[in-house]
1. Would you work out which of A:130, A:40, A:30 lies farthest towards the positive end of the dipole of the protein assembly as shown, given +1 charges on the beta-carbon of Lys and Arg and -1 on that of Asp and Glu, about the Cα centre?
2. Treat the count of other C-beta atoms within 10 Å as a stand-in for reagent exposure and order A:88, B:126 from fewest to most.
3. For the protein assembly as shown, what log10 I(q)/I(0) values come out of the Debye formula at q = 0.13 1/Å, with one point per alpha carbon and no solvent?
4. Beyond a 29 Å Cα-Cα separation, which of these cross-linked pairs lie in this structure: B:80/B:185; B:10/B:175; B:128/B:185; A:48/B:187; A:48/B:175; B:38/B:197?
5. Indicate the helices, whole DSSP H runs only, in chain B that combine a mean Kyte-Doolittle hydropathy of -0.5 or more with a Cα extent along their long axis of 30 angstrom or more.
6. Set the Förster radius R0 to 35 Å, insert the Cβ-Cβ distance between residue B:190 and residue A:114 as r into 1/(1 + (r/R0)^6), and round the FRET efficiency to 0.05.
7. Could you tell me the center-to-center distance, by alpha carbons, between the range A:1-56 and the range B:5-66 in angstrom?
8. Would you list which aspartates and glutamates come within 16 Å of residue B:88, measuring only between C-alpha atoms, while excluding same-chain residues fewer than 8 positions from it?
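Read the figures in this text as sums done on the coordinates, not as results from a lab. Just so it is clear, the structure is predicted and the values come from calculations on it, not from any experiment. Cβ placement follows ideal geometry from the backbone for every residue including glycine, while neighbour counts extend to all protein chains displayed.
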Amino acid sequence: MKTFLLVIVGLSGGALVGAGMFAFFIALGVIERVIDISRTEAYRGMYKIAILLGSLLSTLIYMFRFGVRANKGWLLLIGLPMGIFVGMIASALTEVLNVIPFLSIRIGITKWAYLLIIAIILGKVLGSILYWGLLKIQ
Amino acid sequence: MDNYIYLHLKDHIKREAGQDIYLDDITELSCSPDVRDKLTKLVILQEKGVGIITLSVVEVIELIRQFIPEIPIISTGESKITIHIHEKDEYSGKGFAGLIRAFITSLLLFIGSGIAIMYFHEDVNMHKVHDAIYTAVTGQEATGSYWISIPYSIGLGLGIALFFGLLPDKNKNNKPDPLEIGIHKYKNQINSYLSAKGGSKQKKP
């Protein structure tokens, strides 16, 4: 009886978290933006499957800690897309997407709006490198 | 050609100070040629200082009526127009002052974004996740090595550049990127607020 209850709770929790997470991503417009840039809307069925499999796989890996004994080089291949996706999410958040137009119009520097973005990019990359390199938290 | 005047009032226009505003600036007109000759030189606003002025289509029609009393006028556009008169180059960021402002703002964003991303990583405990991935892929305990962190950080920058359309791409097909859309949305919000509030009234010439 107890296990049955646990199973129900687990299933419901997972369903809600999964749906909620990706409603969030879609609302941000990140996935849409990626599809737009790659001009591959015809493949959106495949993308749904990709997202589903990716989420499932990563959940299993994280929960059950299984893995392979592969070369460290694969990490480079995995790390880069990780960063790209997080970078896109970080840009789609309101804090960035509304702040830049607001700043550039209020301070009167619309000509330099893209300079602001480059400043943000450099800041975030540097901040991330600092975080991983110099500030190791146990 | 039927004898009407079709008046398509624009939503908003922006002009530098020091110019008169003509009917042609604020509307698109469709009318017979002799009527058009009379109307193109019609001055809506004398040259004044800077400011934001809202005109309703009715005020424009009354102005036209002083010169063309009989022909029916049909309004096909907006019901109000917001005319924004600003100093020359006030918003473009030209000149040395603009450069200084841009530099200071960039510095603010550079440092701020760096700190923000550090807070974010700490907040979501990304370190633990990266260690888990490291162990999953290589089978060894994570020792703070940089094989994930460095490509991740580079990817972070690439992701933002990708999102804002900064990467060169010959097939961009000229679609606006989210920043342009954001600026456009913000300006629209300003304009619709101003036209709802109603700017200063125009004095009758």
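1. Among A:130, A:40, A:30, the one farthest towards the positive end of the dipole of the protein assembly as shown is A:130.
2. B:126, A:88
3. Evaluating at q = 0.13 Å⁻¹ gives log10 I(q)/I(0) of -1.06.
4. Cα-Cα > 29 Å for B:128/B:185; A:48/B:187; B:38/B:197; rest within.
5. Qualifying helices: B:95-123.
6. Working: r = 21 Å, r/R0 = 0.61.
Calculated value: 0.95.
7. So the separation of the two Cα centres works out to 53 Å.
8. Here the aspartates and glutamates satisfying the reach criterion relative to residue B:88 are B:16, B:20, B:47.
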